[in-house]
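Structure record follows, encoded as structure tokens.
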Amino acid sequence: IHSPDFPSYYGNSRDCFITIDVPANKYLSVYIINLSLENKGIFSFMDKIKDYLLIDDILAYGNNYYPAVIYNRTESRSINLEFKSDWITISFLRDPKGFLLYFECNLF
């Protein structure tokens, strides 16, 4: 699973949503392979998170360039992934490329 246009830069005002159904007697693990999202604004009134990936109740933002488990649960039968980007990217600070995820379902 990846953000729009990955590995190229994702656009502004993106709102993406996907649900993964987990088969019975299995649990889901989600790994971040690459995470490069615009973090916070440069002005004091823009201190909120700008772009993010939400996996159920787990919030991911900023940068991460190594594989890491972000989600590993047994009780869910489905999970929701939501990606949002705000209306502007401050490209002279950095060019966000988005995210690349890997997931697998394993037996209990």
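The values are calculated or read from the model by the stated rules, or taken from the named source; none is laboratory data. Here the structure is a predicted model, which means the values were calculated and not measured. Every residue, glycine among them, receives a Cβ derived from its backbone with ideal geometry; neighbour counts consider all protein chains shown. All accessible areas refer to the heavy atoms of the entire protein, side chains included, with ligands and DNA or RNA removed. Shrake-Rupley method; radii C 1.70, N 1.55, O 1.52, S 1.80 Å.
Among the residues of the range 40-48, is there at least one that is crowded, with 17+ Cβ neighbours inside 10 Å and modelled with pLDDT under 85?
Of all residues in the range 40-48, those crowded, with 17+ Cβ neighbours inside 10 Å come to none.
Looking for residues that are crowded, with 17+ Cβ neighbours inside 10 Å and modelled with pLDDT under 85, one finds none in the range 40-48, hence no.
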| field | Total residues in the range 51-79, condition open to solvent by less than 60 Å² (accessible area, probe 1.4 Å) and either on the phi < 0 side of the Ramachandran plot or in a strand (DSSP E or B) (or both) | value | 14
| In the range 11-30, the residues that are more than 21 Å from ASN72 (Cβ to Cβ) and under 12 Å from the mean Cα position of the chain (by Cα) | ASP15, CYS16, PHE17
